[in-house]
Amino acid sequence: MDEEVVRKYLRAGEIAEKVKARALREVRPGDKILDVVTSLENYIRELGAEPAFPVNISIDNEAAHRTAYIDDVGTVPEESVVKIDIGVHVDGYIADTAITISFSDKYGDLVEATREALDRALKAIKPGIRASDIGAVIEKVIKSRGFKPVRNLSGHSLAEYTIHAGETIPNYRDPLNFNRLTLGSAYAIEPFASTGRGIVHEEKRINIYSIRRYTKCEELPEDQIIKEVFKKVRTLPFSERWFPELIIVVGGVSRLREIFKNLSSSGCLTAYPVLSDTPGSRVAQFEETVLLLKDGSVLVTTQRDVIPT
Ligand code: MN
Ligand code: MN
């Protein structure tokens with residue numbers, strides 16, 4: 001990883017850290033989730049970067065992939081457990097980071113257990129370690145606190161303009177994962193702990209898509225839409241909120257949603273449905289992005305206090 005690339009990751013991390021701090025300070029029960037995500041995404045842009053994906057705000061048993069629709073009237077519920085997941089990129093180099101805020105006294109332990117699992121995992125990381133050994137650290141902390149790690153959500157390698165670059169870092173000891181972390185790579189580590197089953201399922205709601213195949217969808221009538229999306233976000237995940245002009249062109253947001261759905265059925269887009277554990281359960285998540293540098297050191301780009309100045 002050359003110096004210029006490291007610098008871009010660090011810049012993305014620094015910005016993500018600021019956005020995360022604002023979320024912690026400002027998100028409150030009663031807030032409109034549309035206002036929350038819009039204001040955090042705008043803040044990323046004000047700070048000179050771009051969102052690497054729509055800011056996620058997943059509530060209570062929702063673990064991931066919820067963001068606001070353009071006409072969303074939803075609010076942050078009282079007593080809720082809220083995950084804010086933020087992605088920032090500088091020229092395609094991505095910092096991916098998440099926090100959980102509990103507005104209920106009942107879930108302090110759940111939140112702490114998840115934070116501790118991440119801290120211990122970050123301490124264990126070194127080039128050459130098995131991804132499964134990091135998973136084992138996460139699993140042990142979460143289980144010792146009486147919760148379940150979410151088994152079908154995982155950390156991941158990152159690459160230029162690519163959030164999930166192929167390698168996964170499980171949140172439990174996975175004997176089938178033989179992967180080892182390599183020098184010069186970027187990873188997002190993201191434990192999830194749950195009071196439910198520790199397994200998430202796909203909801204019907206889809207708030208987020210990304211372009212899966214660009215070239216092979218050229219003959220479709222929706223070609224122009226894919227082109228517009230690619231121009232703005234390439235293959236990164238996006239929200240309908242980012243394309244107000246397309247909503248007008250196609251004749252309304254319901255029509256645009258229909259088109260996105262069809263394009264994902266035909267393999268041109270990837271859909272990211274909201275992922276939830278069982279109703280009534282609560283899920284917490286924390287996430288940081290790390291670089292394994294060539295000298296063997298580990299740099300957490302999204303925690304400024306551990307970045308050497
Ligand atoms: Mn994330
Ligand atoms: Mn991630």
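Quick note: the coordinates plus some simple rules give every number you see, no bench work behind them. Predicted model only: the values in this text are computed from it and were never measured. Note that we place each Cβ from the backbone using ideal geometry, even for glycine, and neighbour counts take in every protein chain shown.
A few remarks follow.
- A compact globular protein would have a Cα radius of gyration near 2.2 N^0.38 Å; the ratio found for region 73-161 is 1.26.
- Of the peptides 284-292, 58-66, 166-174, the order by per-residue mean of other Cβ atoms within 10 Å, starting with the highest, comes out as 284-292, 58-66, 166-174.
- Rounded to the nearest 20 debye, dipole of region 205-273 from Cβ charges on Lys, Arg, Asp, Glu: 280
- This model, with +1 at the C-beta of Lys and Arg and -1 at the C-beta of Asp and Glu, gives region 20-147 a dipole about its Cα centre of some 640 debye.
- Debye log10 I(q)/I(0) for the chain, one point scatterer per Cα, at q = 0.09, 0.10 Å⁻¹: -0.43, -0.53
- More than 18 angstrom apart: percent of Cα pairs within region 205-273: 25
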